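Read the structure below first, then the notes.
Derivation of every value follows stated rules applied to the coordinates shown; laboratory data play no part. Note that the structure is predicted; figures quoted are calculated from it, not measured. All Cβ positions, glycine included, derive from the backbone under ideal geometry; neighbour counts span all protein chains shown.
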Amino acid sequence: MAHVAIVGVGAIGGALAALLEVTGRHQITLCTRRPLPQLTVKTPEGIVIVRANNVTDPALAEPVDWVLVATKTYDALAAAAWFPALCKGNTPVAVVQNGVEHRERFAPYLNNQRILPVIIDCPVERQADGIVHQRGVAQMKVETGALGGEFAALFSGSNGQIELTDDFISAAWRKLCINSAGALSALTAKPAGVMRDEAMAEIALGIVVECVAVGRAEGAHLDDSIAQEVVDGYRAQPPDSINSMLADRLALRPMEIDARNGVIVRKGESHGIKTPFNRMAVALLRMLGETSRSQ
Ligand SMILES: NC(=O)c1ccc[n+]([C@@H]2O[C@H](COP(=O)([O-])OP(=O)(O)OC[C@H]3O[C@@H](n4cnc5c(N)ncnc54)[C@H](OP(=O)(O)O)[C@@H]3O)[C@@H](O)[C@H]2O)c1
């Protein structure tokens, strides 16, 4: 049994809470910005009602055994406000977010040894506060090691799939290759079917080729074939599939522009690699974000 706090109970936080709930072993605390009277998660196996404490004030949180952070990447500073109360001594913090900078993002607030970066693939959306719809299995990747093993053990007995990998950096950059191309959906306000257009697919290839070059410079092992595989993957999705960046744009929420495309530009600069496709995507997305928020 472990006491696990989840900071950020949206789509991913809700899916993680349901996985922990079905193990039947853990005490769960949901850390949210608004009261969450109940959390119901529709999973492929049926409906899970999560029995949990809910805390809305970081000052009132109690120390726990594990913290899982599932906010958007741009909410790191606000998420960190929970750590002083939740983390006593060596409490590990799993950062379950997209991107390749899990450690950098939380290094100002936590001992690096206690941060566990997690890559997650899980088709899930929040339908309303406290109602989450998980449409498929949750697959996670973590670094091989003691913390990764403890994290995986938290979910044993659930149907979450957790892979321990010796090459986390390649796994994270591979996922970023997929996410970086997703910018085109957000830019055009069109779902995955947009990649069936040849001109759009060519731009997507350019975005991913840059991601591969920068990822390799960062130490990731990425095949040349990835760019075409990413485009083929989007084309194989139902044409009306909406990625989370497009969902954020449509809901007038901030988008994870920096974590998904900005990082390619920033890290590219540090290696002297030019990234014009991603640079243009970032500039256009930022302008879109500013325009939609001011409307
Ligand atoms: N959804 C997916 O299918 C999916 C798949 C793979 C990876 N990811 C990644 O997983 C991460 C989480 O994404 P998501 O889709 O779950 O986002 P989400 O549905 O927007 O949920 C994020 C939650 O964090 C909460 N939050 C923000 N700041 C907080 C704070 N200071 N204290 C407590 N709660 C706070 C938000 O609360 P409010 O309701 O108050 O805004 C929201 O409920 C992202 O990095 C995303 O890219 C998502």
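The table for this structure:
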read-out: Condition met for residue 159 (surrounded by fewer than 16 Cβ atoms within 10 Å (Cβ to Cβ) and of a type outside the set (Asp, Glu)); value: yes
read-out: Candidates 121, 65, 57, filtered to the one that is among the acidic types (Asp, Glu), within 14 Å of the ligand (Cβ to nearest atom), surrounded by fewer than 21 Cβ atoms within 10 Å (Cβ to Cβ) and closer than 30 Å to residue 166 by Cβ; value: 121
read-out: Top-ranked residue in the range 205-233 [being touching a residue at least 40 places away in the same chain (Cβ under 8 Å) and of a type in the set (Asp, Glu); ranked as farthest from residue 267 (Cα to Cα)]; value: 210
read-out: Residue in the range 84-99 that is of a type outside the set (A, V, I, L, M), away from the ligand (no atom under 14 Å from the Cβ) and in contact with a Leu (Cβ under 8 Å, 6 or more places away or on another chain) present; value: yes
read-out: Helices (runs of 4 or more DSSP H) wholly inside the range 1-91 containing at least 2 residues that are touching a helix residue (DSSP H, G or I) at 6+ places or on another chain (Cβ under 6 Å), free of Cβ contacts under 8 Å to residues at least 40 places away in the same chain and of a type in the set (Phe, Trp, Tyr); value: none
read-out: Residues (within 11 Å of the ligand (Cβ to nearest atom) and more than 13 Å from residue 132 (Cβ to Cβ)) located in the range 1-34; value: 5, 7, 31, 33, 34
read-out: Output for the range 250-264, where each listed residue is of a type in the set (Lys, Arg) and crowded, with 21+ Cβ neighbours inside 10 Å; value: 260
read-out: Only one of 107, 94, 85, 81 that is aliphatic (A, V, I, L, M) and crowded, with 21+ Cβ neighbours inside 10 Å; value: 94
